[in-house]
Amino acid sequence: MTKRQRVSITGRVQGVGFRPAVYRIARSLGLSGVVYNDTKGVTIELQGGEKEIAEFLARIQSGTDRPPLAEIKSCRVADIALVEAEEQFTIRPSDSRGRPLSQVTADMAVCRDCLAEMADKEDLRYGYPFINCTNCGPRYSIVRNIPYDRPNTTMAVFGMCDKCAGQYTDVADRRFHAQPVACAACGPKIQLLDNEGKTIAARTEQVIAQAARLLRAGKIVAIKGIGGFHLAVDALNEEAVRRLRERKRRDHKPFALMADSIEKIGKYAIVDEPAERALRSPQSPIVLLPQRAGGPIAPSVAEGVNTYGFMLCYAPLHYLLFARDIEVLVMTSGNVSDEPLICTNEAALERLADVADAFLTHDRQIHRQVDDSIVHLVENEPVLLRRARGYVPTPIFAELSCRHDIFAAGADLKNTFCLAKQNQLICSEHIGDLEDAEVYHHYIASVAHLGKLFEVRPEVVACDLHPAYLSTGYALSMPDVRIVRVQHHWAHVASVLVEHELKGPVIGLVCDGTGYGTDGAIWGCECLIASLQEFERFGHLAYYQLAGADKASKEAVRPALSLLKKAYGDGFSLREFDWLLRRIEPDAGRLRALSEQLEKGVNCVETSSLGRVFDAVAAMLDLGGYNHFDAQLPMILEAVAAGDIEQNYDFELVNRAGQPLQLDLSVMFRQLVADLHKGQDAGVISAKFHNTLAAALLAMAKAARESTKLNEVAFSGGVFCNRYLANHLIKLLKKADFSVSFNRDVPSNDGGISLGQAAVAVRLVGGEPSLLP
């Protein structure tokens, strides 16, 4: 029996060779019909026998015949009227009518097939630095509008030669409708400039050879890649790395590294199987790996930590450079300090002329700058710390399809924002810290760009409670919108709920540095009973005072002094603790002034911040007294923790009538100080401290379970970027028979806040059941 069915597919199905795959399967089964991109995804009309149509659906959904980058989220099938005299199956041009709901595919690393062709002297694209195909190459960074077709990308200015056009239009070719397809005859070209903009070399081979020579000589080269510029330098040359730090004004934060093979990376870091999978993935993120002791990597690359952030080459240009006797490169963002990533040739020459000795540029415009993504491994699975290239703008799908377009403003640190459109939650790439004026302007421009790309016209705006957040101020300035204020830690829990499709309520454990609470205090170690509709504060770290408010996030002496005062009460005196505090703050007069400030409560805030507890302990162990970048001291504290310690310090859970349960760490601090008195090793103390926190959070979860009968724990917050703590807590929770969920696809730090805000807003403003199966 002949029938005709319309198949509507959503997911990552545009720009990944999905239509050619559909075409080939349909033709092999003798089916007629049509396939085309639309504003929701891909639509297929199939006509033929029932058995053949059923086999087609099985093959396209099973994954065996699907393109490597394709991902189906929903597949709806409906019977439609037969078309008379239809004999063939065809690919129709994209249908751009209606409101866009389809995905723009993320930028992907160059594939093995393209690398093989680039190395083949007989191939059309031998040595071509922009080789790509349907399975790899730039997408999000070059797209101006959807649907994703060449006229809507920055490749529109490059007319295809006959050979490229032949491949582009050949449905059997790997480059069929690969929008960036080009070759040396018709596509983008590279050049090497000095820091005054004068041409050093313009022919591809000469550009690569000269740039590699400069790098081997210890020079700093700005390299234009997929999502923006990198600043590159020989990672084995300490003098060169120090020069880069000085010029870039980045004194302490670790640099990312790049190599062209797993074997090379394995010489400097420990690469197990899960790490290798993450490194080789099409997203090609930076992966945090344990350092091999005594290696030749320059010490200034990553001082104070025990990991290296390595990535494999992901652009063809990278591989061409490394083929010229390059071992390992520092590849750090092309900017100064914490400013936005630079993506245009003009801005690079203007802003980086005092940093780079030379510029390796090209003439393919980057429409959207995108930083490298960063992952680490928790439970041997990759977990995002920064979500950007390779992952954005892949949406997360909500259970409800919202009737209103929503904008979620995110937080001020590690900002991302999120757009909600029907059942898709589209998180932006990592934007940065909004306190920098350049980053804030970039944020505003990014909101406009992504909103235009997906035709989102916000009717509802979600934002944080913090009255001084720039993101909140921007949200409140938007006209004719409904405002939804979402408490910071609730948003953290909500990000886990929507990511794992959990309805809640759950026991939410949220630990970070700062978040504005509903009582006006600064929260930071919370046990919430939360769903997407509401939350209740079940417990928290007992409040302590922070002198100087925001200054306390930098100067560890402030939380250290406060926590010691709280731990010892009337038994505390500056004289008695002079031996400990003077290692953090040598100025006795300043210590007295801070102590008096705490006693009088002048310019002090109450907080339950766990992040500041980490700062205090790191400082007490003489690991440093100042956070030059966010979480520097906690990272150092984690790095020194001994790996074979099971003991922990004691703590108390205080239950007062009518108040949330309180976690008191005073006993822990007294025991920790006693260990310091005895000369206990810092690694042992650090491990016992981490173990104490995991045990305390488990105890809070158990108390919540006893009270609520809930058994699902969702944890989030920047503190859980700490692998030691996250892995230990998961182990304890599972041993206690809890179901455990945590962020994987978005960061647990404030980079995931916008997703949680959007998820809460979707639920609160109302929606319809999603069309997802």
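The values are calculated or read from the model by the stated rules, or taken from the named source; none is laboratory data. Since we're looking at a predicted model, the values are computed, not measured. Virtual Cβ from ideal backbone geometry, glycine too; neighbours counted across all protein chains shown. Accessible surface is based on the protein model in full, side chains and every heavy atom, while ligands, DNA and RNA are left aside. Shrake-Rupley method; radii C 1.70, N 1.55, O 1.52, S 1.80 Å.
Side notes on the structure shown:
- Residue check, residue 303 open to solvent by 10 Å² or more (accessible area, probe 1.4 Å), part of a loop (DSSP other than H, G, I, E, B), of a type in the set (D, E, K, R) and touching a strand residue (DSSP E or B) at 6+ places or on another chain (Cβ under 9 Å): no
- Residue 708, sole failed condition from (1) closer than 30 Å to residue 619 by Cα; (2) surrounded by 14 or more Cβ atoms within 10 Å (Cβ to Cβ); (3) of a type in the set (S, T, N, Q); (4) over 33 Å from the mean Cα position of the chain (by Cα): (1)
- Scanning segment 643-664 for residues that are surrounded by 14 or more Cβ atoms within 10 Å (Cβ to Cβ) and in contact with an Asp or Glu (Cβ under 8 Å, 6 or more places away or on another chain) yields 651, 652, 653, 663, 664.
- Residues that are among the β-branched types (Val, Ile, Thr) and assigned to a strand (DSSP E or B) within segment 732-764 comprise just one, 740.
- Checked against (1) modelled with pLDDT of 95 or more; (2) surrounded by fewer than 17 Cβ atoms within 10 Å (Cβ to Cβ), residue 151 passes all but a single condition, namely (1).
- Strands (runs of 3 or more DSSP E) enclosed by segment 399-451 - at least 1 residues per element that are in contact (Cβ under 8 Å) with a residue 40 or more places away in the chain and over 24 Å from residue 143 (Cβ atoms): 400-402
- Within segment 523-534, the set of residues being in contact (Cβ under 8 Å) with a residue 40 or more places away in the chain and crowded, with 24+ Cβ neighbours inside 10 Å comprises 523, 524, 525, 526, 527, 530, 532.
- Enumeration of residues in segment 317-350 that are buried (at least 19 other Cβ atoms within 10 Å of the Cβ) and not hydrophobic (A, V, I, L, M, F, W, C): 318, 319, 332, 333, 334, 335, 340, 345
- Screening segment 90-112 for residues that are surrounded by fewer than 16 Cβ atoms within 10 Å (Cβ to Cβ) and not polar (S, T, N, Q) and picking the one that is modelled with the highest pLDDT gives 112.
- Restricting segment 569-610 to residues that are surrounded by 12 or more Cβ atoms within 10 Å (Cβ to Cβ) and among the β-branched types (Val, Ile, Thr), the residue that is farthest from the chain's Cα centre (by Cα): 584
- Filter result (aromatic (Phe, Trp, Tyr) and farther than 19 Å from residue 701 by Cα) within segment 651-672: 669
Matching residues to (1) open to solvent by 50 Å² or more (accessible area, probe 1.4 Å); (2) farther than 17 Å from residue 340 by Cα:
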site: 413; (1), (2): yes, no
site: 441; (1), (2): yes, no
site: 474; (1), (2): no, yes
site: 497; (1), (2): no, yes
site: 503; (1), (2): yes, yes
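- Residues in segment 554-573 that are in contact with a Leu (Cβ under 9 Å, 6 or more places away or on another chain) and at pLDDT below 95: 1 in all.
- Hits in segment 312-350 (condition: more than 14 Å from residue 193 (Cβ to Cβ) and in a helix (DSSP H, G or I)): 316, 317, 318, 319, 320, 321, 322
- In the condition set (1) over 17 Å from residue 750 (Cβ atoms); (2) charged (D, E, K, R); (3) part of a strand (DSSP E or B), residue 455 is compliant with all but (3).
- Residue list for segment 1-27, restricted to those being more than 41 Å from the chain's Cα centre (by Cα) and either of a type in the set (A, V, I, L, M) or in a helix (DSSP H, G or I) (or both): 1
- The set of residues from segment 18-39 being closer than 27 Å to residue 396 by Cβ, surrounded by fewer than 22 Cβ atoms within 10 Å (Cβ to Cβ) and in contact (Cβ under 8 Å) with a residue 60 or more places away in the chain comprises 38, 39.
- Close Cβ contacts (under 6 Å, 6 or more residues apart or on different chains) running from residues in segment 596-618 that are in contact (Cβ under 8 Å) with a residue 24 or more places away in the chain and under 21 Å from residue 667 (Cα atoms) to residues that are in a strand (DSSP E or B) and open to solvent by 40 Å² or more (accessible area, probe 1.4 Å) comprise 598/545; 609/514.
- Tabulated pairs, segment 680-698, first open to solvent by 10 Å² or more (accessible area, probe 1.4 Å), second part of a helix (DSSP H, G or I), C-beta under 6 angstrom, 6+ apart or interchain: 682/640; 698/732
- Residue check for residue 446: among the polar types (S, T, N, Q) and out of contact with any strand residue (DSSP E or B) (no Cβ under 9 Å at 6 or more places or on another chain): yes
- Selected residue (criterion: most open to solvent (accessible area, probe 1.4 Å)) from residues of segment 272-295 that are assigned to a loop (DSSP other than H, G, I, E, B) and more than 25 Å from residue 629 (Cβ to Cβ): 294
- Strands (runs of 3 or more DSSP E) within segment 119-235 that include 3 or more residues over 26 Å from residue 23 (Cα atoms) and touching a residue at least 24 places away in the same chain (Cβ under 8 Å): 190-194, 221-224, 229-234
- Filtered by the rule that a residue be touching a strand residue (DSSP E or B) at 6+ places or on another chain (Cβ under 6 Å) and not in a strand (DSSP E or B), segment 505-529 gives 505, 517, 521.
- Conditions (1) under 19 Å from residue 220 (Cβ atoms); (2) in contact with a helix residue (DSSP H, G or I) (Cβ under 6 Å, 6 or more places away or on another chain); (3) surrounded by fewer than 16 Cβ atoms within 10 Å (Cβ to Cβ): number failed by residue 262: (1)
- Flag for residue 360 being more than 25 Å from residue 763 (Cα to Cα), open to solvent by 10 Å² or more (accessible area, probe 1.4 Å) and not in a loop (DSSP other than H, G, I, E, B): no
- Answer from 71, 87, 55 - the residue that is modelled with pLDDT of 90 or more and either of a type outside the set (Gly, Ala, Ser) or open to solvent by less than 70 Å² (accessible area, probe 1.4 Å) (or both): 55
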